[in-house]
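Data first, discussion second: the structure below is written as structure tokens.
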Amino acid sequence: MANSCLQLSGFLITCIGWLGIVIATATNDWVIMCKYGLNTCKKMDELEAKGPWADCVISTGLYHCISLTQILDLPAYIQTARALMITGSILGLPAVGMILMSMPCISLGNEPQASKNKRTILGGVLVLIVALCGLVSTVWFPIGAHQQHGLMSFGFSLYTGWVGSIFSLLGGCILTCCSSESSSSSRSYQENNRFYYSKQGGGNPPAAASTNHAKSAHV
């Protein structure tokens, strides 16, 4: 029962983390850049919101974005953030599917529990990879933007990516640990039963032999 609750909690936390990474990947409000004060930059149209896909200019009554289509001319931190965030978003789908099909309330025929535990561990490892992709992207991107431009503050998308990465890391650890413990406990239980049966089987022949001996003595 405790392992089932941990697995359900890990699944819910993983879903929230993956959703946060997907939102951070699809939006461009990662960092806010400005060389002057906030009001001054808005009046001069120099307040910029930068993300992996576009550079947006924020002014008093205008929000205009320019897509970053020249892939070869982009800095390394933008290309790396794109690749890692897309990888994390794609890997999250099979990971969530594996974990969902390994829940105790879902049965695929006469599948043993050991197979479910292995699938849960594999899904947890994929979730940990998703978390690693999100952490590297969301940490490296503001550092690269600060070195190239004047970084003013962090944006909503960056905070969403951080929260999603932390939740994915937590969910992956919960799923991997609880599944490994349950698999080891089930293995030890099977070994104990096997020893019990072998012990019972080994006790039967002497009993039969003693019975035959008693009959021969009686005759």
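The values are calculated or read from the model by the stated rules, or taken from the named source; none is laboratory data. In this text, all values refer to a predicted model and were calculated from it rather than measured experimentally. In this analysis, Cβ positions are derived from the backbone assuming ideal geometry, glycine residues included, and neighbour counts consider all displayed protein chains. Ligands, DNA and RNA are stripped out before the accessible areas are found, and what is left, the full protein with its side chains, is counted by its heavy atoms. Shrake-Rupley method; radii C 1.70, N 1.55, O 1.52, S 1.80 Å.
Only a single item in (1) part of a helix (DSSP H, G or I); (2) at pLDDT below 90 is not met by VAL136, and it is number (2).
Limited to the range 60-77, what total is found for residues that are in a loop (DSSP other than H, G, I, E, B) and open to solvent by 40 Å² or more (accessible area, probe 1.4 Å)? First the steps, then the outcome.
So the first thing to find is which residues in the range 60-77 are in a loop (DSSP other than H, G, I, E, B), and the list is 60-62, 68-70, 74-75.
Narrowing further to those that are open to solvent by 40 Å² or more (accessible area, probe 1.4 Å): 60-62, 69-70.
Of the residues in that region, 5 qualify.
The residues of the range 5-28 that are part of a helix (DSSP H, G or I), within 17 Å of ASP55 (Cα to Cα) and open to solvent by less than 50 Å² (accessible area, probe 1.4 Å), listed by number, are ALA24, THR25. In contact with an Asp or Glu (Cβ under 7 Å, 6 or more places away or on another chain), among the aliphatic types (A, V, I, L, M) and either at pLDDT 75 or above or surrounded by fewer than 19 Cβ atoms within 10 Å (Cβ to Cβ) (or both): which single residue out of VAL31, VAL57 fits that description? Result: VAL57 is the single residue among VAL31, VAL57 that is in contact with an Asp or Glu (Cβ under 7 Å, 6 or more places away or on another chain), among the aliphatic types (A, V, I, L, M) and either at pLDDT 75 or above or surrounded by fewer than 19 Cβ atoms within 10 Å (Cβ to Cβ) (or both).
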